[in-house]
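Quick notes on the structure that follows.
Read-outs: derived from the displayed coordinates by stated rules, not from any lab. Bear in mind the structure is a predicted one, so any value in this text is a computation, not a measurement. All Cβ positions, even for glycine, are placed from backbone atoms using ideal geometry, and neighbour counts span all protein chains on display.
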Ligand code: UN1
């Protein structure tokens with residue numbers, strides 16, 4: 001057990017919070033202390049923004065391929081440290097070690113990918129409508145980026161935001177989630193060791209109300225990238241809009257798997273269990289709805305119940321564990337409250353439904369994998385994000401009805417369809433309005449080189465990952481170079497026909 005004090009990182013130095021205050025994080029599986037962390041506040045954010053603003057003056061001019069070389073080194077270090085990072089992640093937020101490895105790998109992938117973008121960052125060159133004139137567009141960095149991240153992907157999500165921000169020449173003030181501050185520190189340590197100049201990335205830990213708000217409200221932070229709840233995100237956007245900030249939001253989901261009557265039910269069962277119960281259901285992309293054709297409802301339900309009943313809860317570091325704890329006691333209670341809501345609404349509890357307290361489990365925050373059957377699309381458990389190991393089977397009679405149910409929620413992150421019929425698969429692709437869609441796979445598992453994000457209350461129109469991320473972290477500048485030596489008026493002067501340059 002460790003009680004090391006972890007500090008904020010400002011202007012290239014590890015420093016205590018101005019207030020001298022600290023906070024703790026405990027392992028959600030065992031209650032053991034993970035670490036004690038500097039609890040930042042407004043003055044720490046002020047120092048961090050000043051450092052980031054000062055560093056921007058030189059970092060924006062540091063050649064992008066060289067910025068990429070720093071990221072390559074960072075990616076390699078993440079790879080070298082993958083096992084240790086995964087283990088620490090499991091201790092800090094609970095996901096099983098295999099999934100923690102996947103989270104680290106996602107950060108590695110993103111860091112290598114964005115390093116490569118340092119040699120691209122393409123703009124356009126186009127012919128001019130006038131003679132002796134050259135037209136092009138270039139991407140410019142924006143300045144100090146406020147990066148506010150959640151605990152469920154404590155390395156992957158910060159990397160989705162930080163790496164495109166950095167490769168484009170921005171500097172960063174980073175607030176990791178209060179439940180996963182150590183992973184935030186690990187990422188910054190790697191960047192520091194890889195040679196990132198002081199002030200380019202600054203880390204301030206602490207609460208959303210203090211550190212988050214101070215970043216959002218700071219006049220010298222023109223851009224905020226936020227992942228978290230729809231409620232908080234909407235508040236961030238509302239406050240940011242008043243001061244014309246550029247804001248990217250990744251928020252809730254109520255993702256659905258469609259299982260048609262022609263589906264491979266074994267494969268669908270595997271996909272649903274993985275998407276519904278992986279990370280204890282705490283993914284934005286988790287499958288918390290299964291929209292099933294009535295003719296296969298009974299069989300699918302039986303298969304899910306049999307398999308879910310055999311899944312083992314436990315410490316994510318143990319090889320025998322299928323499902324780890326949820327992140328906090330409060331989250332555990334919220335999940336269990338939803339189980340009560342589902343029962344009260346008349347859904348049939350097919351399996352699970354209880355907080356697990358047997359033996360060792362009583363030390364942590366464990367919830368049984370839970371399947372509701374006979375759920376109606378308008379019930380709260382079929383409409384609201386639960387963020388726990390709970391999924392709801394909603395029977396339907398046709399593909400049209402299934403698509404309506406999938407689209408009939410306020411969110412729009414991920415959806416999937418299991419079918420052997422290519423025409424049905426293409427109908428789903430055409431008519432489902434989510435940011436991510438899978439065919440014959442569950443709702444999770446997005447890869448880093450395609451856009452990630454959702455429609456409706458899931459986001460605000462931006463995308464992370466892929467080259468789409470660069471659109472958020474850069475401004476376009478269109479440049480016109482007139483080398484004719486005379487005044488040429490666009491849209492007004494005729495082009496001379498004599499071939500004069
Ligand atoms: C999230 O839950 O916020 O597609 C991110 C997935 C992961 C990322 C999820 N690659 O499920």
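One table, with the values for the structure above:
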quantity: Length gained when the stretch residue 423-residue 23 is fully extended (0.36 nm per residue, less Cα-Cα span); calculated: 138.5 nm
quantity: Gyration tensor (Cα) of the stretch 87-237, equivalent ellipsoid semi-axes in angstrom; calculated: 32, 19, 14
quantity: Angle in degrees between helix 181-193 and the longest Cα principal axis of the chain, rounded to the nearest 10; calculated: 40 degrees
quantity: Quotient of C-alpha Rg and 2.2 N^0.38 Å, computed over the stretch 303-408; calculated: 1.14
quantity: Histogram of C-alpha separations across the stretch 1-99, 10 Å bin width, %; calculated: 14, 28, 34, 22, 2
quantity: If the convex hull is drawn through the Cα atoms of the stretch 218-358, its volume per residue in Å³; calculated: 165 Å³
quantity: Distant alpha-carbon pairs in the stretch 24-72 (separation over 19 angstrom), percent; calculated: 59 percent
quantity: Full-extension gain in nm, residue 320 to residue 298, via 0.36 nm per residue minus C-alpha separation; calculated: 5.0 nm
quantity: Estimated distance in nm for a label pair at residue 363 and residue 431, the labels positioned 7 Å out from Cα along Cα-to-Cβ; calculated: 5.2 nm
quantity: Binned Cα-Cα distances of the stretch 255-439, short to long, each 5 Å bin given as a whole percent; calculated: 1, 9, 19, 22, 20, 14, 8, 4, 1, 0, 0
quantity: Calculated FRET efficiency for the pair residue 33/residue 374, C-beta based, R₀ 51 Å, to 0.05; calculated: 0.70
quantity: Nitroxide proxy distance, nm - points 7 Å out along Cα→Cβ at residue 491 and residue 5; calculated: 6.3 nm
quantity: Per-selection Kirkwood Rh - the stretch 93-179 (Cα, Å, 1 d.p.); calculated: 15.2 Å
quantity: For peptides 153-164, 135-146, sequence by mean Cβ density within 10 Å, most packed first; calculated: 153-164, 135-146
quantity: Computed [θ] at 222 nm, deg cm²/dmol, the chain (DSSP H ≥ 4; -39,500 (n - 2.57); rounded to nearest 500); calculated: -11500 deg cm²/dmol
quantity: Cut-off 19 Å, label 7 Å out along Cα→Cβ of residue 129, residues of the stretch 473-493 by amide N; calculated: 478-484, 486-493
quantity: For 422, 448, order by how many other beta-carbon atoms lie within 10 Å, fewest first; calculated: 422, 448
quantity: Relative contact order (percent, whole number), the chain, Cα cutoff 8 Å, 6+ residue spacing; calculated: 18 percent
quantity: Spatial separation of Cα centroids for the stretch 348-372 and the stretch 259-316, in angstrom; calculated: 16 Å
quantity: Burial ordering of 234, 351, 370, 269, fewest other beta-carbon atoms within 10 Å first; calculated: 234, 351, 269, 370
quantity: Cα centroid separation - the stretch 85-129 against the stretch 39-76, whole Å; calculated: 17 Å
quantity: Where only alpha carbons of the stretch 145-215 are counted, the Rg and the Dmax (Å); calculated: 11.2, 32
quantity: Computed Rg/Rh of the chain, alpha carbon atoms with Kirkwood Rh; calculated: 1.03
quantity: Over the stretch 299-341 - Rg/Rh using Cα atoms and the Kirkwood inverse-distance radius; calculated: 1.07
quantity: Reciprocal mean inverse distance between Cα atoms of the stretch 179-288 - Kirkwood radius, Å; calculated: 17.2 Å
quantity: Using a Förster distance of 35 Å, the FRET efficiency for residue 122-residue 58 (Cβ separation, nearest 0.05); calculated: 0.90
quantity: 13 Å reach of a label modelled at residue 475, 7 Å along Cα-to-Cβ, counting backbone N of the stretch 116-156; calculated: 138-144
quantity: FRET E, pair residue 305, residue 235, Förster distance 51 Å, beta-carbon r, rounded to 0.05; calculated: 0.80
quantity: Distance between the stretch 441-501 and the stretch 214-249 - C-alpha centres, whole angstrom; calculated: 23 Å
quantity: Antiparallel %, DSSP beta bridges [both residues in the chain], to 5; calculated: 40 percent
